[in-house]
Amino acid sequence: MQIKIIIFGQLCDLLGENLVLDNIADTDSLTAALHRKYPELVNTKYMIAVNKKLVVGNIILSNNNTVALMPAFSGG
Amino acid sequence: MILKKPKNIFVRGPVAASFIGASIQKHNTKTEIGGHSIFLGQVRADVIEEKKVVAIEYTAYEEMAMEQMHVIREEIFAKYQLSCMHIYHSLGKIAAGEICLFVFTSSPHRKAAIDACSEIVERIKTELPIWGKELFTDESHQWKVNK
């Protein structure tokens, strides 16, 4: 399954603003695929949001999910 | 579940002093209010390794930020006896010295307004998906880290 990902903050310097990955079933396999493709990410702290909710643990993904990669917030 | 549509807290560009003044003026009909508390975030010209920050460029995951702000808003209203709460956060390039965050709370007695305002500012900084990119004079950048 193909997953579209939106990227924010300093992660854009590394990944660009959008990313599409194939054969991703859940957020754990998403992280694994990202780390294979972008080894720099392994030592980078970031959060994953699925449908605007922060992911805790592993979540099964489906085609219509909105997946976002977000570094630590720095608003204000 | 969100019943009301989340309010948009984002403004393009800096928050103008005249807008802040007008916001205060609008409350003169709400005579149950006894105190206002206002926090204004201003872009600071930090110097990092001899390079000066000239602006911060803010981006956000706007939809998620507005939903999260809606949750914060409801929790703050439940916790403090507030008459009103107004929040504006800038997006885009904000020059050093300009206002990028405006939090405005009002209550019948001062303590609720002051405490709520302070708590909202902290929660905005830690819970809203907003990012600041510090731009230097030589057009290089670094990403802001909240303390």
Taking a straight Cα-to-Cα line shorter than 18 Å from A:K37, and setting aside same-chain aspartates and glutamates fewer than 8 residues away, one finds A:D13, A:E17, A:D22, A:D26, A:D28
Result for the stretch B:82-147: accessible area per residue, probe 1.4 angstrom, in square angstrom, of 42
The number of Lys pairs in the stretch B:10-143 whose alpha carbons lie under 16 Å apart, excluding pairs fewer than 8 residues apart on one chain, is 6
Among B:T29, B:T59, B:T137, the residue with the largest mean-square fluctuation in a Gaussian network model of chain B built from Cα contacts under 10 Å is B:T29
In whole angstrom, the spacing between the Cα centers of the stretch B:78-104 and chain A equals 29
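Per residue of B:124-130, count partner chain C-beta atoms within 10 Å of its C-beta, then hand back the mean as an integer.
5
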For the stretch B:44-147, the dipole about the Cα centre with charges only on Cβ (Lys and Arg +1, Asp and Glu -1), to the nearest 20 debye, works out at 400
With T = 10 °C, eta = 1.306 mPa s and Kirkwood Rh from C-alpha pairs, the Stokes-Einstein D of the protein assembly as shown in µm²/s is about 83
Expected max-MSF residue from A:I59, A:I48, A:I24 in the GNM of chain A (alpha carbon, under 10 Å) is A:I59
Label model pair B:K51, B:E67: point-to-point distance (7 angstrom along the Cα→beta-carbon line) in nm is 3.5
Out of B:A55, B:A95, B:A22, a Gaussian network model of chain B with alpha-carbon springs under 10 Å gives the largest mean-square fluctuation to B:A22
Whole-percent carbon and sulfur contribution to the accessible surface of the stretch B:55-147 (1.4 Å, no ligands, DNA or RNA) stands at 51
For B:K5, counting only aspartates and glutamates whose alpha-carbon sits under 14 Å away and dropping same-chain residues fewer than eight positions off, the answer is B:E62, B:E63, B:E67, B:E74
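Using a Förster distance of 35 Å, how high is the FRET efficiency between A:M47 and B:A17, based on the Cβ-Cβ distance and rounded to 0.05?
0.50
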Result for interface chain A to chain B, accessible surface buried in total, 1.4 Å probe, Å² to 100, stands at 1700
So, with points 7 Å from each Cα along the Cβ direction, the A:V56-A:D13 label distance in nm works out to 3.1
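The values are calculated or read from the model by the stated rules, or taken from the named source; none is laboratory data. Since the model is a prediction, treat every value here as computed from it, not as a measurement. Glycine also receives a Cβ, built like all others from the backbone with ideal geometry; neighbour counts cover every protein chain displayed. Note: areas computed on protein heavy atoms with side chains; ligands, DNA, RNA excluded. Shrake-Rupley method; radii C 1.70, N 1.55, O 1.52, S 1.80 Å.
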